[in-house]
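Step one of this worksheet: look at the structure below.
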Amino acid sequence: MTSVQSLTRLPCGNRVLDLAHTHVMGILNVTPDSFSDGGRYSQLDAALRHAEAMVLAGATLIDVGGESTRPGARAVSPLEELERVAPIVERINRELDVIISVDTSTPSVMRETARLGAGLINDVRSLRRDGALDAAAATGLPVCLMHMLGEPGDMQANPQYQDVTKEVGEFLAERMAQCAAVGIPAERIILDPGFGFAKTLQHNLSLFKHMEALHALGRPLLVGVSRKSMIGQALSRPVGERLFGGLALAALASVKGARILRVHDVAETVDVVRMIAAVESAE
Ligand code: 7PM
């Protein structure tokens, strides 16, 4: 087993991600609604049904997140985060044919969810928390490294760049080097420009336009723009009216070579990806 296959097939725990084409990652939020009186079991069932619907719609990855990255959101303890995420990871692994990505910066959550069947660690903090590099290395799983300056709470204060794409590339290269130092090889890394994280509208648009420059780092790109404020700001749309703008960005990202699109609207995005693939596979 050499070259061509190992360049396109990324082992993700008990499953394999074929990087020859673009994948849709469905977002599954398991942050509890404090006013919900549904209780634990019905919340778990609702999350599982949502995950199942996204898989039926064509998602090949499900991103499970238990710690809100929203500015001003209450900090969640590692135990609380694990109690939210672990049951759903276990159920998805048992009942659905999909790669489970865990959106976490917490070392104990990385270790425990890997044991329960997670296939990918998605860390918006790029393994910068104490112990995160070692925990991720110990799981042996692939890692998505995302660009962000500061913490979710303060990142939008006053973001400044000379050349946003160049600086994002330099940041991701530095994080790849830190990963290599603890035994996470480049072959196990996915890179993410971090749209909406410590960036103004102009930064986000410029970074999106020049995204191809990040291919120089030699790793597959994940793009997350679904329902984000860059769409709202560019089109003057509230969060409930950002689907078409998001699909335009999904199509552009796919054409620019992004390999994973992280989205809320899976069925619609899968049609975008399949339509592009149909044209690209023509004579
Ligand atoms: C509040 C603020 C709520 C931000 C939700 C968000 C990404 C991610 C998120 C991304 C990767 C959202 C974000 N965004 N992981 N997690 N890439 N890899 O809008 O762009 O979904 S959370």
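The values are calculated or read from the model by the stated rules, or taken from the named source; none is laboratory data. Everything numeric here is computed off the predicted structure, so don't read it as measured data. All Cβ positions, even for glycine, are placed from backbone atoms using ideal geometry, and neighbour counts span all protein chains on display.
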Legend entry - Residue list for the range 232-241, filter: away from the ligand (no atom under 15 Å from the Cβ) and assigned to a helix (DSSP H, G or I): ALA234, LEU235, GLU241
Inset, instruction - Only residues that are in contact (Cβ under 8 Å) with a residue 24 or more places away in the chain and more than 13 Å from PRO32 (Cα to Cα): list them for the range 88-97, please. - result: VAL89, GLU90, ARG91, ILE92, ASN93, GLU95, LEU96, ASP97
Inset, instruction - Sort out which residues of the range 198-231 are part of a helix (DSSP H, G or I), touching a Gly at 6+ places or on another chain (Cβ under 8 Å), within 14 Å of the ligand (Cβ to nearest atom) and over 18 Å from THR22 (Cβ atoms), and write them in order of number. - result: ASN204, SER229, MET230, ILE231
Legend entry - Answer residue from the range 235-266, given it is over 18 Å from LEU191 (Cβ atoms) and small (Gly, Ala, Ser) and is nearest to the chain's Cα centre (by Cα) among those: GLY246
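Scan the range 48-77 for residues that are at pLDDT below 95 and more than 16 Å from the ligand (Cβ to nearest atom) and jot them down.
First, the residues of the range 48-77 that are at pLDDT below 95: 65-77.
Once the filter is applied, which keeps residues that are at pLDDT below 95 and more than 16 Å from the ligand (Cβ to nearest atom), the range 48-77 yields only SER77.
Is at least one residue of the range 121-130 surrounded by 22 or more Cβ atoms within 10 Å (Cβ to Cβ), at pLDDT 95 or above and on the phi > 0 side of the Ramachandran plot?
As a first pass, look at the range 121-130 and keep what is surrounded by 22 or more Cβ atoms within 10 Å (Cβ to Cβ): 121-124, 126-127.
Next cut, at pLDDT 95 or above only: 121-124, 126-127.
From the residues that got through so far, the ones that are on the phi > 0 side of the Ramachandran plot too are 126-127.
The answer is yes; a qualifying residue exists.
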Inset, instruction - Would you check if there is a residue in the range 246-264 being away from the ligand (no atom under 11 Å from the Cβ), polar (S, T, N, Q) and either at pLDDT 95 or above or assigned to a helix (DSSP H, G or I) (or both)? - result: yes
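State all residues of the range 24-47 that are modelled with pLDDT of 80 or more and of a type in the set (S, T, N, Q); if no residue qualifies, say none.
Residues satisfying the conditions are ASN29, SER42, GLN43.
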